[in-house]
1. Sort out which residues of the stretch 94-107 are surrounded by 16 or more Cβ atoms within 10 Å (Cβ to Cβ), assigned to a helix (DSSP H, G or I) and not polar (S, T, N, Q), and write them in order of number.
2. Could you run through the stretch 122-146 and say how many residues are under 13 Å from residue 45 (Cα atoms) and of a type outside the set (A, V, I, L, M, F, W, C)?
3. Condition first: assigned to a loop (DSSP other than H, G, I, E, B) and either modelled with pLDDT under 95 or in contact with a strand residue (DSSP E or B) (Cβ under 9 Å, 6 or more places away or on another chain) (or both). Now tell me which residues in the stretch 42-58 satisfy that.
4. Among the listed residues 121, 84, 110, identify the single one that is surrounded by 12 or more Cβ atoms within 10 Å (Cβ to Cβ) and in contact with an Asp or Glu (Cβ under 8 Å, 6 or more places away or on another chain).
5. Scan the stretch 39-53 and report the pairs whose first residue is in contact (Cβ under 8 Å) with a residue 12 or more places away in the chain and of a type in the set (A, V, I, L, M) and whose second residue is surrounded by 17 or more Cβ atoms within 10 Å (Cβ to Cβ) and part of a loop (DSSP other than H, G, I, E, B), with Cβ atoms within less than 7 Å and a gap of 6+ or a chain change.
6. Before we move on, is residue 109 under 20 Å from residue 126 (Cβ atoms), of a type in the set (A, V, I, L, M, F, W, C) and within 11 Å of the chain's Cα centre (by Cα)?
7. Report the residue count in the stretch 84-126 for those that are touching a helix residue (DSSP H, G or I) at 6+ places or on another chain (Cβ under 7 Å), under 18 Å from residue 29 (Cα atoms) and either basic (Lys, Arg) or free of Cβ contacts under 8 Å to residues at least 60 places away in the same chain (or both).
Amino acid sequence: MKKLFLLSGLVFLCCGPALAEANWLTDYEAAKAKAKSDHKLVLLNFTGSDWCGYCKHMQAEIFSKPQFQDYAAKNLVLVELDFPRFKQQSDAVRKQNTKLASEYDIEAFPTLIVLSPEGKPVANIMGYIEGGPEPLIAALEKLRKS
């Protein structure tokens, strides 16, 4: 009987509700308004989610990690600006993302743009970030405190 309870507990821990994933918005204007009202930085993630290898690595090695998700929930408004080749995307989102890529002079994927709570650019991080969530969190924390 004890083994059955232990097994049930393990199944619950392994298969129970996962940590909430980071809430990535796709509406740039709504994200800026939320950041302003919540006094948080905005993290714009320019990505090619279904074709860019480094973008996929950042998703798996940084954005999906609980440490990043916890930090983001408390300190950031996340915006995914995706340029997929195979996934469907609404015309409005595609137009918005193209306009923003031009506005922020995006030349490569992945690129992260950090905005102040007032919507002003404060950092541009181009390329893959090695080392898991810690280096990105450290850089964001430095920006948040400046």
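The values are calculated or read from the model by the stated rules, or taken from the named source; none is laboratory data. Computed from a predicted model, the values in this text were never measured in an experiment. Here the Cβ positions follow ideal geometry from the backbone for every residue, glycine too, while neighbour counts run over all protein chains shown.
1. Scanning the stretch 94-107 gives 100, 101.
2. Quick first cut of the stretch 122-146, residues under 13 Å from residue 45 (Cα atoms) only: 123-129, 136.
Remaining after also requiring of a type outside the set (A, V, I, L, M, F, W, C): 124, 127-128.
Result for the stretch 122-146: 3.
3. Here is the first cut: in the stretch 42-58, the ones assigned to a loop (DSSP other than H, G, I, E, B) are 48-52.
Those that are assigned to a loop (DSSP other than H, G, I, E, B) and either modelled with pLDDT under 95 or in contact with a strand residue (DSSP E or B) (Cβ under 9 Å, 6 or more places away or on another chain) (or both): 48, 49, 50.
4. On the way: 121 fails: in contact with an Asp or Glu (Cβ under 8 Å, 6 or more places away or on another chain); 110 fails: in contact with an Asp or Glu (Cβ under 8 Å, 6 or more places away or on another chain).
The conditions single out 84.
5. Taking only residues 6 or more apart or on different chains, the pairs are 41/116; 41/117.
6. Considered against the rule, which asks whether it is under 20 Å from residue 126 (Cβ atoms), of a type in the set (A, V, I, L, M, F, W, C) and within 11 Å of the chain's Cα centre (by Cα), residue 109 comes out as no.
7. Of the residues in that region, 0 qualify.
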